[in-house]
1. Which one is modelled with the highest pLDDT among residues in region 135-155 that are in a helix (DSSP H, G or I), surrounded by fewer than 17 Cβ atoms within 10 Å (Cβ to Cβ) and hydroxyl-bearing (Ser, Thr, Tyr)?
2. I need the full set of residues from region 169-199 which are farther than 19 Å from residue 215 by Cα, surrounded by fewer than 18 Cβ atoms within 10 Å (Cβ to Cβ), among the small types (Gly, Ala, Ser) and out of contact with any Cys (no Cβ under 9 Å at 6 or more places or on another chain), in order please.
3. Of the conditions (1) closer than 29 Å to residue 161 by Cα; (2) at pLDDT 90 or above, residue 72 clears all except one; give me its number.
4. Let me spell it out: the conditions are (1) surrounded by 13 or more Cβ atoms within 10 Å (Cβ to Cβ); (2) modelled with pLDDT of 90 or more; (3) not in a loop (DSSP other than H, G, I, E, B), and residue 53 meets all of them except one. Which number is the exception?
5. Could you tell me whether any residue of region 13-35 is touching a residue at least 40 places away in the same chain (Cβ under 8 Å) and touching a helix residue (DSSP H, G or I) at 6+ places or on another chain (Cβ under 9 Å)?
6. Within the bounds of region 12-23, is there any residue that is within 24 Å of residue 132 (Cβ to Cβ) and under 17 Å from the mean Cα position of the chain (by Cα)?
7. Just checking, how many residues over region 156-208 are of a type in the set (S, T, N, Q) and part of a helix (DSSP H, G or I)?
Amino acid sequence: MTNRKAFYFFLVGTLVSLVIFLGLTWDTYRQIDVLTNTDKLDDQVVAGKRVFEGKNCNNCHTILGFGVYYAPDLTNVHKRIGPEGIKAAVLRPEDVFASSFRKMPNLGVTEQEVADLIAFLEWVSNIDNNDWPPQEADEGSMSASQRRLTGAMGLSRGAAAFKEKCMTCHSLDGVGGGMGPALDDVAAKYSAQEIESYIGDPTSVESGSGMPAQTHVSDEDRQAIAEFLTGNE
């Protein structure tokens, strides 16, 4: 290839790439109101964003792929642990993260600030971001049972609910979070009915439990998780 042909090849390739990039950018901006649910962007959501920025949450967490990778991504945290889970983690991090190797400082967030923050995180969790950023672990190093938990082999109802609602805090077969205890042997301690009750109201089964009530988990999901953990699914 001559220098002249190489130049034209470079020029045409650059122009085509630029046109595609501009077209995709325009298309994204055209849909931004729908993708981000701007009709739900109220004053409390805006106040929550200010709390998120004012407390420098991005210094440890990522959101929508931006931030620091020390602590878990918060893009879908509202769906994972619900408002009560967020409230407990923010107001009582020294208790919630007591068994985790990653520690979160108590930032002195007020009740109103945490309510605003929850509203912001709920709004973020409903953005149509095509499931970005990815949440999965590297499948190449997983065992067969680990792939079952992370979706590589297809999830049962209980496994899917456990992955979405529980794995941020708890682990199973080495997969999941370290905020709460591993649940590998939970069936030896509690029955399926007790686990189901524990999810909805932990203190009804274990007085003094530091786990917040998972009121965002439906009755059907609680039952499915309990059956999954006790091997009855």
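The values are calculated or read from the model by the stated rules, or taken from the named source; none is laboratory data. The structure displayed is predicted, hence computed values, not measured ones. Glycine gets a Cβ as well: all are built from the backbone with ideal geometry, and neighbour counts include every protein chain shown.
1. Once the filter is applied, the top-ranked residue is 145.
2. 174, 182, 187, 188, 191
3. Among (1) closer than 29 Å to residue 161 by Cα; (2) at pLDDT 90 or above, residue 72 violates only (2).
4. (1)
5. Scanning region 13-35, I find at least one residue that is touching a residue at least 40 places away in the same chain (Cβ under 8 Å) and touching a helix residue (DSSP H, G or I) at 6+ places or on another chain (Cβ under 9 Å), so the answer is yes.
6. No: region 12-23 contains no residue that is within 24 Å of residue 132 (Cβ to Cβ) and under 17 Å from the mean Cα position of the chain (by Cα).
7. 4
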